[in-house]
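*Asks:* After the structure tokens below, expect a handful of questions from me.
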Amino acid sequence: MRGAPVLLAAFAACALQACGPAPRPPGSVAGFFGGETPPAGATLDPAQPAVRGATNGLEMRVWVVEDQDEVLAEIVGRFGPRPTPMPDSVRTAWRASGLRVLAVPVDELAAFRERFRVIAPEQRDWFGQSPDWSEAIRGREIAAGQIIGVADGPMRSPAGRLRVLMRCWPTPGASVLDPALHLELAVQLERRDAVPSPVELPALASELEAGVVFPRLRTTMRLDADTALLLIPMPEPEPEPGELPATPAGEGPERPSPPTLGEAMLSSFAPGSPARRRAIVAFLPRLPDRFGLASAAAEPRR
């Protein structure tokens, strides 16, 4: 069973006013990203699969938090220096694009989540083994001409939707019998002019063809069963006032920095105001005790 993509369109509206329940997408096991307090007992222990019997594939959890800058800074300070399965050069590019990548032990996730003020029911999606590219994180739409910050500098964007694509399958880990999960991620701007209408055939050969993939934000890694990969939309810290260069006379006040890709995709960021609401995404590998031929049933299509 594959869960529905993450839906974050409610961010913009809910940042300004309280919103009620939105319709659930078909097949979704999640609620909505509104402004209500999740009901008691709505959150499952992250150490336990959200889908009973799900022991071979990828699970995703999403937590929407509000006004948590200090807690986020503390958590990034604690887990940020730790190595992750993502290559360092790619992790640096994701960070420069406003996406912090953290490796957190699965057995610490429950305590990790309890630190946050979660304002919506937890999103839980099961992807299983997905050798074909599919949408994992469905971010916000952006207007034509919007400036967003990426690893290579500010970019003027065409109209579209920012999202993260993924594919994964089991693979041997540290030894032949140790299970691991091969995971590939690609950040993409799905362009409005690249989305086929329901009557257009044939369909796209791959989700990668539906828009622009940021080359520096595409990566391959191997996850073990004990480690969750977290994505947090969070820009680089602003320099202290004394560290800023003096503004030349006659040039006027400095313009506010544009939102980073991570903020534009996974937060309620608006120019000139802080990001009050953010979606924190956790990828959790669910693996059997041992790797074998049955675990490797899904072969990727290159």
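*Asks:* Take each of the peptides 219-232, 142-155, average the number of other beta-carbon atoms within 10 Å over its residues, and list them starting from the highest.
*Replies:* Going by the mean number of other Cβ atoms within 10 Å, highest first, we get 219-232, 142-155.
*Asks:* Once you have the Cα-Cα distance between E108 and S257, take 0.36 nm times their residue separation minus that, and quote the gain in nm to one decimal.
*Replies:* Stretched out fully, the E108 to S257 stretch lengthens by 50.2 nm.
*Asks:* Mind listing the long-range amide H neighbours of R276? Cut-off is under 5 Å, sequence gap 5 or more, other chains count too, H placed in the peptide plane at 1.01 Å from N.
*Replies:* Amide H neighbours of R276: S268.
*Asks:* Between A159 and E74, take the C-beta separation as r, use R0 = 45 Å, and let me know the FRET efficiency to the nearest 0.05.
*Replies:* 0.75
*Asks:* Can you work out the Karplus-derived ³J(HN,Hα) for every residue in segment 222-229? Use 6.51 cos²θ - 1.76 cosθ + 1.60 with θ = phi - 60°, whole Hz, and x for glycine or proline.
*Replies:* In residue order, the calculated couplings are 10, 9, 9, 5, 8, 10, 9, 9 Hz.
*Asks:* Is the shape of segment 133-174 best called rounded, prolate or oblate, per the rule: a/c under 1.5 gives rounded, else a/b larger than b/c gives prolate, else oblate, with a ≥ b ≥ c the square roots of the Cα gyration tensor eigenvalues?
*Replies:* Taking the square roots of the gyration eigenvalues as a ≥ b ≥ c, segment 133-174 is oblate.
*Asks:* Mind giving me the FRET efficiency for D152 and R115? R0 is 45 Å, r the Cβ-Cβ distance, nearest 0.05 is fine.
*Replies:* After rounding to 0.05, the efficiency reads 0.85.
*Asks:* What residues have an amide H closer than 5 Å to that of T260, excluding those fewer than 5 places away on the same chain, when H is modeled at 1.01 Å from N in the peptide plane?
*Replies:* G149
Read-outs: derived from the displayed coordinates by stated rules, not from any lab. Just so it is clear, the structure is predicted and the values come from calculations on it, not from any experiment. No Cβ is skipped: glycine too gets one built from the backbone with ideal geometry, and neighbour counts run over all protein chains shown.
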